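To start, the structure itself, in structure tokens.
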Amino acid sequence: MNIFIIHSEEDQYGNSKENIFIAFGEHRSYLGSAFAYPAINHHQTPDTPYLIYISVDPADHSDQLLKQEVSQRLFDRVLARAKELRRLRPDLTARIYAGFEADQEKLSFYMRNGFESNDSVVMEAPIPDSFTYTLPDDIEVTQVNLNSDKETMEYKERYDEIFVTPLNLEALAEQGRYPYFHNLSFLQEGKLLGGCTFFAKDNCGYIETVYVVPEARGTGIARAIMNYMFDYFLTHRMDAVRLEVWQLNTRAAGLYRSLGFIEVETTTMFPGMIL
């Protein structure tokens, strides 16, 4: 079968058509698509701040050989485009990567094409009964009102600047249904320092997000936020805390280890290559 790959129009994320590929067969039958999405993130991946995410999505076919051929053709095109994008920022260490879904078939496909494994790591820490913590008097803690469209969109804008994956509001709403859910901001003299989102599940404290704004980094506020959550969980009779971190986020993983977190589970989620 002949396979034709064309560019689509700009997508909903503002990705230019040069980064989008659609595969068609004979009689214009849809065979699949792929795209590259470049972003710069010094906050979550300081060692590889230039991130180029690629995704190859063949259409479902009963013919596995066709699916494999389409996937390979799309991968070759989108990887070549990703390498072109990488050359636009020679000043930054770059990583081309894929993932964000627990689809072993897809992950194996990327690994067969030369991507190295990278893990999403679940970490856990016990909270000693004797643990206590009090925030400094000049730190104010406020709750983000997710019933307010204005506050929700301000939070989403802030989140999307710091984290690699844009905020999923549906997932946030789902977290809000768990006990002890809080989405907090930490301020000093009215200026935002950072924030966190956490909840309880199965009698364990779960930390979903921790962030510090760039101008407050190096002040110890991340450790203060973590200790605040430890104290909260222990006060509410939870003696263990869990979180998940991308292995590439070396800064965050180092902080968690220094607070007593150990790895309890790893999942290959983000195979890629550093260029």
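Rule-based calculations on the coordinates, nothing more; no lab input. These figures come from a predicted structure and were not determined experimentally. Quick reminder, even Gly has a Cβ in these numbers, built from the backbone with ideal geometry, and neighbours come from all protein chains shown.
Quick look at the values:
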item: Label-point separation in nm, E84 to E215, each point 7 Å along Cα→Cβ; result: 3.9 nm
item: Estimated FRET transfer efficiency (E9, F100; beta-carbon r; R0 22 Å; 0.05); result: 0.40
item: Quarter of Cα convex hull surface for the stretch 88-177, i.e. mean projection, nm²; result: 11.5 nm²
item: Cα gyration tensor shape of the chain, rounded if a/c is under 1.5, else prolate or oblate by comparing a/b with b/c; result: prolate
item: Spacing of the two label points (7 Å from each Cα toward its C-beta) at L192 and D57, in nm; result: 2.9 nm
item: Amide proton proximity set for T209, modelled H, under 5 Å, gap of 5+; result: T197
item: Computed over the stretch 43-152, Cα set: Rg, Dmax in Å; result: 21.6, 65
item: The chain: relative contact order in percent, alpha carbon pairs under 8 Å with at least 6 residues between; result: 23 percent
item: Helix-only [θ]222 nm of the chain, DSSP H runs n ≥ 4, -39500 (n - 2.57) each, per residue, nearest 500; result: -9000 deg cm²/dmol
item: The stretch 135-275 - percent relative contact order, Cα under 8 Å, separation 6 or more; result: 16 percent
item: Qualifying chymotrypsin sites (Phe, Trp or Tyr not before Pro) in the stretch 128-161, DSSP loop, other Cβ atoms within 10 Å at most 16; result: F131, Y133
item: Amide H within-cut-off set for S33, under 5 Å, with H built and near neighbours excluded; result: A23, D57, A59
item: Segment L92-F24, length gained on full extension (0.36 nm per residue, minus Cα span); result: 20.9 nm
item: Debye log10 I(q)/I(0) at q = 0.13, 0.17 Å⁻¹ for the stretch 154-239, Cα point scatterers; result: -0.44, -0.74
item: Sequence-separation-based contact order of the stretch 113-187, relative, with Cα cut under 8 Å and 6+ spacing, percent; result: 37 percent
item: Inter-label distance, nm, simple model (7 Å from Cα along the C-beta direction), R251/D76; result: 4.0 nm
item: Candidates G176, G220, G195: whichever shows maximal mean-square fluctuation once the chain is modelled as a Gaussian network with Cα springs under 10 Å; result: G220
item: Where trypsin sites (Lys or Arg not before Pro) fall in DSSP loop in the stretch 99-207, at most 13 other Cβ within 10 Å; result: R177
item: Sites matching GluC sites (Glu not before Pro) across the stretch 123-222 that sit in DSSP coil, with at most 13 neighbouring C-beta atoms within 10 Å; result: E189
item: The stretch 156-275: antiparallel DSSP beta bridges as a percent of all, rounded to 5; result: 85 percent
item: Alpha carbon centroid spacing (whole Å) that separates the stretch 234-275 from the stretch 31-67; result: 24 Å
